[in-house]
Amino acid sequence: MRKGQAAMEFLMTYGWAILIVIAVIAALFAMGVFKLPTGGIAPCSPCFAPATGIAYKDHNRDNLVIINGRGNDIIITKVFIEETPYDIEDITVGANEAGTIYLPGSFSGDVRVTVEFQDLGTGLLHNATATLHGA
């Protein structure tokens, strides 16, 4: 085999490999894998403790959406915003369903929200607390 042919085969083999790597990197870039996270801050931190069975879903200035993961229906009876209790109209949230809680006196910035609820399966009262960021 001639030296020229060997060199050409070498360049063709590695040339195709390099093109494939470039195509994979371009595809990953197009999917946003290399983008830095925007916003910089989570919507809640700390969010509701997993042991409470209540999960954060979304919020805005006036509403908080939670997911009931307790396995039993719950009734939300009271909301505390920064330690101030607000009696609300009882909200029933089915097991594994989302429920919307109206937040009286709309807020902005960081606010600590505690949700008091009754588990209808056990009849016991529970509290779940989260710090919500901005809205």
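The values are calculated or read from the model by the stated rules, or taken from the named source; none is laboratory data. All of these numbers come straight from a predicted model, not from anything done at the bench. All Cβ positions, even for glycine, are placed from backbone atoms using ideal geometry, and neighbour counts span all protein chains on display.
Matching residues to (1) under 30 Å from residue 120 (Cβ atoms); (2) acidic (Asp, Glu):
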residue: 3; (1), (2): no, no
residue: 51; (1), (2): yes, no
residue: 55; (1), (2): yes, no
residue: 62; (1), (2): yes, yes
residue: 77; (1), (2): yes, no
residue: 81; (1), (2): yes, no
residue: 91; (1), (2): yes, no
residue: 100; (1), (2): yes, no
Q: Evaluate the following for residue 48: is it surrounded by fewer than 10 Cβ atoms within 10 Å (Cβ to Cβ), aromatic (Phe, Trp, Tyr) and assigned to a loop (DSSP other than H, G, I, E, B)?
A: no
Q: Would you mention how many residues in the stretch 64-94 are of a type in the set (Lys, Arg) and surrounded by 17 or more Cβ atoms within 10 Å (Cβ to Cβ)?
A: 1
Q. What pairs can you find where one residue is in the stretch 83-103 and in the same structural domain as residue 54 (by TED's automatic domain parsing), the other is assigned to a loop (DSSP other than H, G, I, E, B) and of a type in the set (S, T, N, Q), and their Cβ atoms are less than 8 Å apart, with a gap of 6+ or different chains?
A. 95/72
Q) Taking only pairs six or more apart or across chains, which ones have beta-carbon atoms under 8 Å, a first residue in the stretch 1-28 that is at pLDDT 85 or above, and a second residue that is surrounded by fewer than 10 Cβ atoms within 10 Å (Cβ to Cβ)? A) 28/34
